[in-house]
Amino acid sequence: MDEEQIIRAIEAIQWDYEEALVPESIHYIQNDDLVMIKNNKSTSVYANKVVRYHRSVQEVKDVIAYFGGSPLSWWVRSSSDSSELEKHLLTLGFQHYDTYRGLAKKLTEEETAMSDFTFREVNTEEDVQAHVEVAAKIWGYDDEAIQAAVTERASYLQFPDRRGGYTIALGNNKPIGYSNYRYSKDGEVLYLNGAGVLPEHRGKGIYRSLLADRLIEARKRGCELAVTQARIGTSEPILRRSGFSEYATYKQYVRE
C-alpha cells in the first residue's frame with residue numbers, strides 16, 4: 001500500500017462496519033473528497049460526523065445543512081491547506097475538542113509473543129461481563145452505559161458474519177485489561193478500536209502484550225496492515241514503540 005492508501009485505511013476505521021449491522025437510521029455519504037455519517041436517531045457527535053473533507057470552504061454550510069440541527073463532529077486532517085477550513089469551522093460555532101494521530105504498522109515481520117500474561121477471546125456471557133467491567137473501571141461508565149455495552153457486545157458476538165471481536169487480559173485469573181478489534185471488508189486491514197489496562201496494572205507491558213497478541217493473529221489471517229486513530233496522550237507512545245508510524249493528524253472539531 002502507498003501512503004494515501006494507508007491514510008484511507010486509517011480513516012475507514014470510522015465507517016467500515018458490517019453492512020448487515022448498520023441500522024436504517026444511519027446514512028453514509030462516501031465519495032473520494034467527502035465521507036460523512038448521519039444517524040437520525042442519535043444526537044451524539046460520534047454518531048454524526050464528517051470523516052473526510054477535501055472540498056472548498058464555500059461548501060461547508062451545505063454539509064452542515066445535511067445534518068440539520070444535530071450536534072456533529074468534523075474530523076480535519078491536518079495539512080498545508082487545512083488551516084482555512086479550521087478557521088471557517090470556528091466562525092460557524094465549532095470548537096477544537098481533541099487531536100488524534102493516524103497510526104499504522106505494516107505487518108511484514110513476525111511479532112514476538114509475550115508469555116507473562118494470559119489473554120482470552122470474549123465468547124461467553126461471563127466474558128462479555130468481564131470485558132465491560134474492566135473497561136468501565138478504566139473509563140468511568142455509569143450503570144446505564146455498562147448495561148448498554150453488555151447488550152451491544154453480546155448481540156455483536158451472535159452475528160454470524162461479524163468481522164471483529166473483543167479480548168481480555170487476565171492477571172491471577174482476574175480481568176486487568178481489554179481490547180476491541182475489527183477487520184476491514186477486504187480482510188487486508190486490522191482496525192484497533194479501543195484498549196486499556198487498569199491503572200494499578202500499568203507499566204508491566206500488558207498493553208503491549210495485548211497489542212502483540214492481536215497483531216500475531218492478524219498476520220496469521222493474511223492482514224497487510226494494522227491501523228488506529230490514537231488520541232494524543234493515551235496509547236500513542238506505546239504504539240510508536242511497537243513499530244507504528246504516523247501517517248496523519250486529525251483535529252476533531254465539535255458543534256454541540
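The values are calculated or read from the model by the stated rules, or taken from the named source; none is laboratory data. These figures come from a predicted structure and were not determined experimentally. Positions of Cβ are backbone-derived with ideal geometry, glycine not excepted, and every protein chain shown enters the neighbour counts. These accessible areas exclude ligands, DNA and RNA; they are computed on the full protein's heavy atoms, side chains included. Shrake-Rupley method; radii C 1.70, N 1.55, O 1.52, S 1.80 Å.
Below are the figures for this structure:
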quantity: Nonlocal amide H pairs with GLY171, under 5 Å, H built at 1.01 Å; calculated: ILE176
quantity: Share of alpha-carbon pairs per 5 Å distance bin for the stretch 170-243, given as whole %; calculated: 3, 14, 28, 25, 16, 10, 4, 0
quantity: ³J(HN,Hα) computed for each position of the stretch 193-200 - Karplus, 6.51 cos²θ - 1.76 cosθ + 1.60, integer Hz, glycine/proline x; calculated: 10, x, 6, x, 10, 4, x, 6
quantity: If the convex hull is drawn through the Cα atoms of the stretch 14-146, its volume per residue in Å³; calculated: 203 Å³
quantity: Using distinct alpha-carbon pairs, which all enter the 1/r mean, Kirkwood radius of the chain in Å; calculated: 19.4 Å
quantity: Cα shape, the stretch 112-256, gyration tensor, a/c 1.5 rule; calculated: rounded
quantity: Cβ-based net charge around GLU24, under 13 Å, with every Lys or Arg adding one and every Asp or Glu removing one; calculated: +1
quantity: Rough spin-label spacing in nm, given labels placed 7 Å along Cα→Cβ, for ASN172 and ILE138; calculated: 2.0 nm
quantity: Accessible-area order (highest first, 1.4 angstrom probe) of the listed residues LYS137, LYS204; calculated: LYS137, LYS204
quantity: Net charge over other residues, Cβ less than 15 angstrom from the Cβ of THR112 (K, R count +1; D, E count -1); calculated: 0
quantity: Whole-percent carbon and sulfur share, accessible surface of the chain, 1.4 Å; calculated: 45 percent
quantity: For the chain, accessible area per residue (1.4 Å probe, heavy atoms of protein chains only), Å²; calculated: 52 Å²
quantity: For the stretch 160-177, 3J(HN,Hα) per residue [Karplus equation, 6.51 cos²θ - 1.76 cosθ + 1.60, θ = phi - 60°, Hz, x = Gly/Pro]; calculated: x, 9, 5, 10, x, x, 9, 10, 10, 9, 10, x, 6, 6, 10, x, 10, x
quantity: Ranked order, GLU84, GLU217 - accessible area, probe 1.4 Å, largest first; calculated: GLU84, GLU217
quantity: Summed residue charge, Cβ within 10 Å of ASN48's Cβ, Lys/Arg positive, Asp/Glu negative; calculated: +3
quantity: Rounded if a/c under 1.5, otherwise prolate or oblate - the stretch 124-184, Cα gyration tensor axes; calculated: oblate
quantity: Sequence-distant residues sharing a close amide H with ALA248 (under 5 Å, placed H); calculated: GLY102
quantity: Projected area, mean over directions - the stretch 81-157, Cα convex hull, nm²; calculated: 9.9 nm²
quantity: With DNA, RNA and ligands ignored, accessible area of LEU92 (1.4 Å probe; Å², nearest 10); calculated: 50 Å²
